[in-house]
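Structure first, then comments.
Any read-out appearing in this document is the output of simple, stated calculations on the displayed coordinates, not a laboratory observation. On a predicted model such as this, the values are computed, not experimentally measured, just so you know. Using ideal geometry, Cβ is built from the backbone for each residue, glycine included, and neighbour counts are taken over all protein chains shown.
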Amino acid sequence: MNFSNSYACLDKVFYERLRPTPVQDPQLFLWNSSLSEQLMIPNELKHDSVALAQAFSGNHIIPGSEPIATVYAGHQFGSFVPQLGDGRAHLLGEVLDQFGQRWDIQLKGSGRTSFSRGGDGRCALGPAVREFIMSEAMNALGVPTTRCLAVVTTGETVFRETPLPGAVVTRVASSHLRVGTFQFFAARGDHQALKTLCNYTIERHYPELQEESQNQYILFLNKVFERQVHLVVEWMRVGFIHGVMNTDNTSLSGETIDYGPCAMMGIYDPQTVYSSIDTMGRYAFGNQPDILHWNIARFAECLLPLINADRNKAVDLVGPVIAEFPYRFEKEYMKMMGKKLGLTFFKPEDQKLISSILNRLKDRRLDYTIAFDLLTKSLMSETAASQINNELGVCFDLWKKRLSEQNEVPQKVQELMRQHNPVVIPRNHHVEKVLQESEQTGRVTLAEDFLQVLRSPYEEQAQTFEYQDPPSDCDENYQTFCGT
Ligand code: AMP
Ligand code: MG
């Protein structure tokens, strides 16, 4: 493989060098062929499932790989933990893909490190398959995300509440730089390391800023802010609930990272929470923008000493950027919602229409994905129009009236809406069924069938309808767990 490891070239304070702990009986469970093409995995490896299982369990170290476990800190549910780090993950290294883009290749579930604390360094098969399926679905939906190259079962048992089959998942990310990485060094007052980290991140993710000599860190903050806003707006578009938006799960590249307790919202309700540990609803669907604001403020704090040695002066420069957040978020969010409703241009008055439609969905307990799919179809189908008209009542008329101002042919509007409204999402009950099948029978067919549909979320294929149904209990009793 085409390894080119830049993070491992940084000072030792950023990571620990160590090999994955070998597993008993590695077997390839899921393999991402299209991603493997993009990453230019060599043919002799790609077509040999035994070699793949050896390499992506960590049993065999691929030449060129220099495994490390990275250090970071983070606010978890609002409380600062000064040291976290890869407690069950090994960064094998970075590879350049066919477009010259750099990717981290990381094994997760590959054994203990000095950051494991009490943990076993392992991962169960269910959460590994969840990460594979959810990230593939998000990628196909057009939401920035880390991806999975492989899931390998280990032949070992991991003990959670019950004994479970173990697995190693290979995560591919633009990088694993997190807000928490910056917090680790900021909290220790290690400004030298902080500066190195900023320069490294700018070079890797925001190279256009390298030319800037004035206010480079403010511009950096703005860019990170912008990408994160785009990311969370995209989550809101498809109904994704991350579930654990801690600062160590907020990526500098603006990708969705950590699919532990995530879920999809069915019935539209901003208060929706599925994570069993989120008892206060901190990471509820509708709180995600506010939490992002909070996380970005934590990131800004890390940059203060680099912006100005005088903390008050630095705060004066950063303050206005952070204060702007609600307006910048709202603007992007409304633009996105406008497109979901087929609006080719957005007027401030549209905010009212958007809110009334969303309120109506909430009051009538309507499914978010189905409602927007029906609205999309209603432009060309009488049946869909009457169905959604019955549900939305006067909101439907207001929407039609607003569309008539645009003077666009229905087909064009439908196209725009279709780009923003999926026909299928990874519904929680289907995800759970696939995970159960994987864990209980070791069979991979259900997962593969599901993935095929999820990879075309804006198209109705022959099998799509099997996955569009909301669960019979509307997910009233649904709960997710951290997957550790
Ligand atoms: P996560 O909930 O996956 O974001 O993990 C939070 C922290 O706990 C990270 O530092 C992980 O490396 C660590 N961690 C999670 N699960 C385990 C495990 N089974 N063994 C060791 N460390 C873990
Ligand atoms: Mg995490």
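May I ask you to list the aspartates and glutamates whose Cα is less than 20 Å away from that of K352, ignoring any residue fewer than eight positions away on the same chain?
D269, E330, E332, D363, E391, D397, E405
Which one of N139, Q106, G74 is farthest out on the positive end of the charge dipole of region 3-179, using unit charges on Cβ (Lys, Arg +1; Asp, Glu -1) and the Cα centre as origin?
G74
Which order do peptides 466-477, 298-309 fall in by mean Cβ count within 10 Å, highest first?
Top to bottom by mean Cβ count within 10 Å: 298-309, 466-477.
By per-residue mean of other Cβ atoms within 10 Å, what is the highest-first order of 106-118, 230-242?
230-242, 106-118
For region 296-454, with only Lys/Arg (+1) and Asp/Glu (-1) charged at the beta-carbon, what is the dipole magnitude about the Cα centre, in debye rounded to 20?
With Lys and Arg at +1 and Asp and Glu at -1, about 360 debye.
Which residue, I370, M336, G393, has the largest displacement toward the positive end of the dipole of region 333-420 when charges sit on each Cβ (Lys, Arg +1; Asp, Glu -1)?
The Cα lying farthest towards the positive end belongs to M336.
Taking only DSSP H segments of four or more residues, each worth -39500 (n - 2.57), what value at 222 nm results for the chain once the sum is divided by all its residues, to the nearest 500 deg cm²/dmol?
Value at 222 nm, helices only: -13500 deg cm²/dmol.
Can you flag which of K223/K313; K223/K401; K331/K401; K108/K313; K313/K339 are past 30 Å Cα-Cα?
Exceeds cut-off: K223/K401; K108/K313; K313/K339.
What is the gain in length, in nm to one decimal, between A323 and T441 on full extension, counting 0.36 nm per residue of separation less the C-alpha to C-alpha distance?
37.3 nm
Going by average Cβ neighbours within 10 Å, how do the peptides 50-59, 35-44 rank, with the highest at the top?
Ranked by mean Cβ neighbours within 10 Å, highest first: 50-59, 35-44.
How big is the dipole moment of the chain about its Cα centre under a simple scheme where the beta carbon of each Lys and Arg is +1, that of each Asp and Glu is -1, and everything else is neutral? Debye, nearest 20, please.
That gives the chain a dipole magnitude of about 740 debye.
Over 5 Å intervals from 0, what percent of Cα-Cα pairs in region 182-332 sits in each interval?
Here the calculated profile for region 182-332 is 2, 9, 18, 21, 19, 14, 9, 6, 2, 0.
Which FRET efficiency, nearest 0.05, do Q461 and A309 yield, Cβ-Cβ r, R0 51 Å?
Computed FRET efficiency for Q461 and A309: 0.30.
Given +1 on the Cβ of Lys and Arg, -1 on the Cβ of Asp and Glu, and no further charges, what dipole in debye does region 3-179 carry about its Cα centre, rounded to the nearest 20?
Value, rounded to 20: 420 debye.
Give me W294, W399 sorted ascending by neighbouring Cβ count inside 10 Å, so fewest comes first.
With the sparsest Cβ surroundings first, the list reads W294, W399.
What spacing in nm lies between the two simple spin-label points modelled at S404 and S49, each 7 Å away from Cα in the Cβ direction?
6.0 nm
Working out 0.36 nm times the residue gap between N359 and T162, then minus their Cα-Cα distance, what length gain in nm do you get to one decimal?
Gain in length upon complete extension: 66.8 nm.
Determine by what factor the alpha-carbon radius of gyration of the chain differs from 2.2 N^0.38 Å, reporting the quotient.
Dividing the Cα Rg of the chain by 2.2 N^0.38 Å gives 0.99.
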